[in-house]
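All remarks here apply to the structure that follows.
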Amino acid sequence: MAETFKPETVNHIVEATQWAAANGMALDICGHGTKRGLGKPVQADAVLDLSGLSGITLYEPEELVMSARAGTPMAEIEAALQEANQMLAFEPWSPQFLYGQTGGTIGGVLACNGSGPRRMQVGAARDHMLGFNAVGGGGEVFKSGGRVVKNVTGFDLTKLMAGAMGTLGVLTDVSFKVLPRPEKARTVLLFGAVDVSQALIKAQCSEHELSACAHLPQVLAMRSSVDFVKNAGASVTAVRIEGPAPSLAVRCAALRELLAPLGAGVDELHTVNTETLWAEIRDVQYFDATKQIWRISVAPSEGPAIAVGLADRLGGEYVLDWAGGLIWLAVDPADDAHVNSVRGALASGHATLMRATQAVRRHVPVFQPQTDALTALTARVRENYDPAGIFNPGRMV
Amino acid sequence: MKMPLPDRQILAKRAQIVGRLRALVPGEGVIADEDELRVFECDGLMAYKQLPLVVVLPETTAQVSAILKTCHALGVKIVPRGAGTGLSGGALPLADAVTLGLGKFKKILDIDYANRCAVVQPGVTNMAITNAVAGEGYYYAPDPSSRIACTIGGNVAENAGGMHCLKYGLTTNNLLGVEMVLMNGEVIRLGGKHLDAGGLDLLGAITGSEGLLGVITEVTVRILKKPATQRALLLGFDSVEAGGDCVAKIIAGGIVPGAMEMMDKMAIDAMQRFVDSGYPLDVESLLVVELDGPEAEVEYLTGRVEKIASEAGSTFLRVSQSEAEREQFWKGRMSAFPSVGRISPDYMTMDGTIPRHRLPQVLARMTEMSAKYGLRVANVFHAGDGNLHPLVLFDANKAGDLDKAEAFGADILKLCVEVGGVLSGEHGIGVEKRDLMGKMFTEVDLQQQQLLKCAFDQGGLLNPGKVYPTLHRCAEMGRLHVSGGRLPFPDIPRF
């Protein structure tokens with residue numbers, strides 16, 4: 001078993017990095033290790049466990065900004081935000097249902113560019129991360145970005161780090177934007193939409209400022225713990241609106257009127273049920289633990305047809321989020337994870353194999369293959385930031 | 001401002017380079033005549049001027065690719081240019097570089113309402129995108145004040161902002177995809193009508209890269225449905241502190257206004273004198289707060305903001321009663337630059353971002369600096385997101401005034417960094433703030449940024465002399481600084 005280093009200071013990380021670079025040793029960089037199931041398996045010589053670098057270092061609610069050590073538990077971040085009635089607006093998903101792991105750190109969430117249903121309105125983790133400190137592939141201690149939202153001071157390495165899954169550097173400190181929690185939330189439900197694509201687009205393109213928009217086929221809706229959804233007896237198209245009460249009342253009524261002619265009926269969920277339903281969708285709670293899971297990002301108008309086509313052909317199940325732009329597809333396990341069928345169904349966009357055994361992920365490309373020019377460019381970026389190939393090598397290839 | 005010394009060998013080969021370009025772009029697409037080159041000698045930062053070696057105005061991606069491939073082979077530098085409205089000198093020509101203008105890329109290629117996006121060529125103006133979709137009730141959210149003239153390609157290059165960033169984000173948050181040409185002529189596509197990248201987020205990394213990484217030839221942006229109602233409030237205070245306090249309380253109250261602008265007395269006076277915007281002249285600071293959304297929400301939030309303002313000690317409060325009045329409230333703020341132009345022969349527009357609560361302190365220090373340099377300063381401030389635009393007033397015909405204004409401006413930006421902010425919020429570094437980069441970043445920080453440059457443009461041919469005070473040779477930076485082969489960290493806890 002690989003040795004584990006648990007640095008307590010940035011200097012420890014520098015030393016570990018220099019040692020790894022000098023000896024060609026691969027490091028498995030992790031926080032709580034809750035999302036190891038995402039990406040290609042890493043053959044590491046040592047684990048660099050960042051959970052010792054923990055703690056919120058700055059929180060100014062009136063400035064809408066927080067900074068924390070990369071290994072700070074998400075639970076700690078969320079508790080602090082809750083106290084000031086604020087939130088991470090991009091709705092990071094919990095690894096509990098996908099990977100059977102609880103916990104997670106802020107560094108891990110940002111490094112995976114995790115985001116949930118509200119992504120279609122406010123952006124992903126990459127849109128909320130403002131700056132970072134990191135240790136580079138040669139042991140360099142460096143920073144980029146800042147703690148303010150408006151910033152065009154040099155290249156935006158922050159975006160590059162969000163979603164790089166630790167392959168370009170070891171995050172030690174991160175700063176990110178936080179937002180006030182909405183006063184209230186409601187969800188309008190449309191049962192048995194006749195034309196799913198039309199319903200999602202009509203809702204998304206209305207002026208009612210949706211913060212989320214999803215569709216559950218009937219078999220999935222039946223697995224919800226929200227009674228209105230579970231007992232719908234039909235597919236459920238759900239749209240979420242947030243804001244002050246007087247605003248919600250008006251928008252809710254308008255959305256009900258807009259959606260009612262498109263299916264068999266409408267209803268609405270108030271704050272508690274809304275929270276439950278969207279947590280289920282965010283965390284991908286509806287699929288059996290044995291299934292392989294794909295996360296497919298496409299133009300929203302194309303999503304429903306692609307999802308139905310793939311589910312029919314592969315005998316799979318799906319949930320649509322982001323007004324159709326995100327497909328969660330669950331299929332029976334196969335050695336090739338049906339990779340050719342899945343990627344063959346996309347004219348554009350990308351498909352990520354979110355869950356499969358290590359053995360499958362070892363030989364199936366987990367991330368969408370790119371054009372030759374882009375592959376070469378990406379390889380040059382990686383080589384420049386991690387010349388010795390020590391940071392989670394192979395995890396994103 | 002020191003620019004890289006022109007390469008004499010390139011200057012000597014000018015005729016050959018012009019000939020090669022003419023073979024790629026026919027007719028008037030290649031400009032070599034000195035009088036005609038004059039048009040391109042500067043951008044919005046007019047203190048610096050330089051004739052380009054030659055200007056080329058391609059019309060297709062294939063032409064851009066051929067131009068870059070040819071220049072790459074010849075070792076000729078490229079300065080990309082949109083409308084040339086940038087305020088930091090990002091499009092300042094170099095004597096030994098081809099200025100590559102995207103002005104002929106003017107087509108709107110696809111408006112896709114179902115997917116809430118528009119695909120346009122980079123030479124389309126920011127305003128033209130909104131105009132093209134306004135009929136269906138949509139708009140493009142980032143709204144830099146030059147939006148009538150500035151192009152979307154330039155907006156991507158500078159990560160342009162505007163008044164509505166707090167709620168709707170900057171260019172980077174509204175950009176879905178680009179097609180771009182690398183210095184070696186390769187054409188790549190990043191993003192599209194879908195969200196997020198399948199690999200590294202290179203789309204995010206090229207946004208705001210000021211023309212140093214590639215030439216953008218197509219842009220996909222997100223469009224939004226126009227809010228049902230917009231209402232503006234004018235709030236006056238008898239001190240800057242009270243105005244700042246009001247901003248903090250609005251945000252702490254969980255309200256995210258569509259826009260929240262603040263100005264100081266000098267700016268208020270200049271604007272109100274320029275155009276009647278209903279601004280009071282007996283206040284020390286003025287806020288324009290715009291609330292947008294469904295009518296019921298705007299109505300409710302207006303009440304809340306009124307209450308917060310009076311608790312914060314507002315001495316003036318007016319709520320727009322009509323669309324015409326809302327527009328009137330904005331008129332002054334929108335004409336900040338010409339207003340100040342009327343009270344001073346010249347002015348320099350600065351652009352830094354600070355943590356909002358440091359505003360009173362920053363303004364107090366600026367008053368001291370103003371006395372020290374003997375130059376006036378007017379302040380407009382995107383208060384919601386901390387982006388400060390001090391306008392330094394000077395007279396270029398007065399000996400030494402420009403130097404003093406530049407030194408004053410540099411002091412302001414250093415102050416922004418000192419209080420935890422950054423050198424540029426939305427105008428970019430360009431040449432203007434290039435030499436201040438070391439105030440915010442260490443040499444190691446800057447080297448790490450340039451590793452990205454090396455992956456895109458190893459020879460350093462794209463827009464050299466901009467953003468970075470010294471461009472490190474890529475080969476030098478690739479070397480590993482590793483020491484020893486044994487475990488040098490006996491004190492790391494191990495398991």
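The values are calculated or read from the model by the stated rules, or taken from the named source; none is laboratory data. None of the values given here were measured: they were computed from a predicted structure. No Cβ is skipped: glycine too gets one built from the backbone with ideal geometry, and neighbour counts run over all protein chains shown. Note: areas computed on protein heavy atoms with side chains; ligands, DNA, RNA excluded. Shrake-Rupley method; radii C 1.70, N 1.55, O 1.52, S 1.80 Å.
Listed values, structure above:
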| quantity | calculated |
| --- | --- |
| Of all DSSP beta bridges in the protein assembly as shown, antiparallel share, percent nearest 5 | 85 percent |
| Accessible area per residue, Å², the protein assembly as shown with all protein chains present, probe 1.4 Å | 35 Å² |
| Equivalent ellipsoid semi-axes, chain B, via Cα gyration tensor eigenvalues times 5, rooted, Å | 39, 27, 25 |
| Shielding of A:346-357 by partner chains, average beta-carbon count, 10 Å | 2 |
| Net charge of neighbours whose Cβ lies under 13 Å from the Cβ of A:CYS205, counting Lys and Arg as +1 and Asp and Glu as -1 | +1 |
| Sulfur and carbon atoms: percent of accessible area, the stretch B:229-337 [1.4 Å] | 51 percent |
| Check: the protein assembly as shown dipole with +1 on Lys, Arg Cβ and -1 on Asp, Glu Cβ, in debye | 1460 debye |
| Interface area, A with B, accessible, probe 1.4 Å, both sides summed, Å² nearest 100 | 7900 Å² |
| The stretch B:68-137 - percent of accessible surface contributed by carbon and sulfur, probe 1.4 Å | 54 percent |
| The stretch A:288-397: chymotrypsin sites (Phe, Trp or Tyr not before Pro) in DSSP loop, at most 12 other beta carbons within 10 Å | none |
| Sequence-distant lysines (8 or more away, or on other chains) whose Cα lies within less than 16 Å of B:LYS249 | B:LYS307 |
| Formal net charge of residues neighbouring B:LYS13 (Cβ-Cβ distance under 10 Å; K, R +1; D, E -1) | +1 |
| Anisotropy class of the stretch B:319-448 from Cα gyration tensor, a/c 1.5 cut | oblate |
| Percent accessible area from carbon and sulfur atoms, the stretch A:319-397, protein chains only, probe 1.4 Å | 55 percent |
| Averaged over A:46-56, number of beta-carbon atoms from partner chains that fall within 10 Å | 1 |
| For the protein assembly as shown: rounded, prolate or oblate by the Cα gyration tensor [a/c cutoff 1.5] | rounded |
| Gaussian network model of chain A, springs between alpha carbon atoms under 10 Å - residue of A:THR371, A:THR172, A:THR357 with greatest fluctuation | A:THR371 |
| Per-pair calculated FRET efficiency, R0 = 35 Å: A:ALA359 and A:THR9 via Cβ, rounded to 0.05 | 0.40 |
| Straight-distance crosslink candidates among lysines, where the alpha carbon sits under 22 Å from B:LYS433 and sequence neighbours closer than 8 are dropped | A:LYS143, A:LYS150, B:LYS2, B:LYS49, B:LYS77, B:LYS372, B:LYS404, B:LYS414, B:LYS453, B:LYS466 |
| Degrees separating the helix B:240-252 axis from the principal Cα axis of chain B, which is the longest one | 80 degrees |
| Principal-axis tilt of helix B:14-24 within chain B, Cα atoms, nearest 10 degrees | 80 degrees |
| Spatial separation of Cα centroids for the stretch A:185-258 and the stretch B:388-427, in angstrom | 51 Å |
| Reachable aspartates and glutamates, given that their alpha-carbon falls under 15 Å from the alpha-carbon of A:LYS35 and they are not under 8 places away in the same chain | A:ASP49, A:ASP283 |
| Degrees between helix B:265-274 axis and first principal axis of chain B (Cα, 0 to 90, nearest 10) | 90 degrees |
